[in-house]
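**Q** Take this structure first; my questions come after.
All of the numbers you see were taken from the coordinates with simple rules; none came from a lab. Because the structure is a prediction, the values reported are computed rather than measured. Reconstructed Cβ throughout: ideal geometry from the backbone, glycine too, with neighbour counts over all protein chains shown.
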Amino acid sequence: MKIVRAPMRLFVVTLGFLLPLSIFAPGVFAQSASGAGTASQPPSAASASGSQQQSPQAPAQESEHHSFFSRTTGNVQPGQPYERPTNKVKFQNYLFDTFGPYPFIGSAAAAGIAQARTVPPEWGEGWDAYGVRTASYYGMTMISTTTRYGLSQVFHEDTLYYRCECKGILPRLGHALVSTVTARRGDDGHRVFSFAALAAPYAGSMIGVAAWYPSRYEPMDGFRIGNYSLLYQAATNVALEFIYGGPHTLLSHTPLSSLTGSSSSKQKD
């Protein structure tokens, strides 16, 4: 019975947790044009009146080339000013991080490890148990990404990942790890400690343990699972820094660079 009830509780909890999106989502696309900002404007935009009228439409035109379920990373490269993402871009990244392929792949992989260890043992073995474990990890991922998105909107934070302007493996690695618990704020994009980024992994694990894990699991178990989720987020940032498309990454010359938004820095060449 626990194998049957666990996913039902998971479904009810995650559905109820996603309902607040009805508050954020309706105004996202209506505000996308006014929500964008840049730290500085090119001098040519202020000199000619014709270019002054066309420049505000450039971000909107660029966003149309991205799929609704594609992920975007920040484009802060040497010599480029910080540009705040629109609400539409933030919402697109939320959808990708929640319903894109990577949450399913990560949940399936984590469930495979838990299946091999028979954790929790109450969920048994076999394909049914593997499905329950996969649904469990995916449910915690949904709650975590929704928490990160919702809190970042409340605190007006930009939690997108921005590649380091520095050079060298160690400085870039440090930047990726620090970005796990920080975000950008304001028109200048100054970096601040992010409660949204820190709380999100633990929100998913704590709610998962309380809602559908066996009753013997305690809050400390939720905290322990949240630590693994935070490490997974740090590993994701390292992958965005070194592996995904963009300058000085392993896949900088592959079609994947168009998915991360880093190719726009090459348009000036």
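**Q** Suppose the chain between ARG117 and TYR232 were pulled fully straight at 0.36 nm per residue; how much longer would it get relative to their current alpha carbon spacing?
**A** Separation in residues times 0.36 nm, less the Cα-Cα distance, equals 39.5 nm.
**Q** Multiply the residue gap between GLN80 and GLU165 by 0.36 nm, knock off their C-alpha separation, and tell me the result in nm, one decimal place.
**A** Roughly 29.6 nm would be gained on extension.
**Q** Could you give the nm distance between label points at HIS190 and ALA109, where each point is 7 Å from its Cα heading toward the beta carbon?
**A** The answer from the label model is 3.7 nm.
**Q** Each residue of region 128-139 in order: what ³J(HN,Hα) in whole Hz does its phi give by Karplus 6.51 cos²θ - 1.76 cosθ + 1.60, θ = phi - 60°, with x for Gly and Pro?
**A** 4, 5, 5, x, 5, 5, 5, 4, 5, 5, 5, x
**Q** Just grab the label-to-label distance for GLU125 and VAL154, each label 7 Å out from Cα along the Cβ direction, in nm (one decimal).
**A** Using points 7 Å along Cα→Cβ, the separation is 4.4 nm.
**Q** Still on this structure: Which Rg and Dmax, in Å, describe the Cα atoms of region 173-247?
**A** Answer for region 173-247, Rg first and Dmax second: 15.1, 49 Å.
**Q** Could you line up MET206, MET220, MET140 from fewest to most neighbouring Cβ atoms inside 10 Å?
**A** MET220, MET206, MET140
**Q** Would you please classify the overall shape of region 131-199 from the alpha carbon gyration tensor, given that a ≥ b ≥ c denote the square roots of the eigenvalues, rounded means a/c under 1.5, and beyond that prolate means a/b larger than b/c while oblate covers the rest?
**A** oblate
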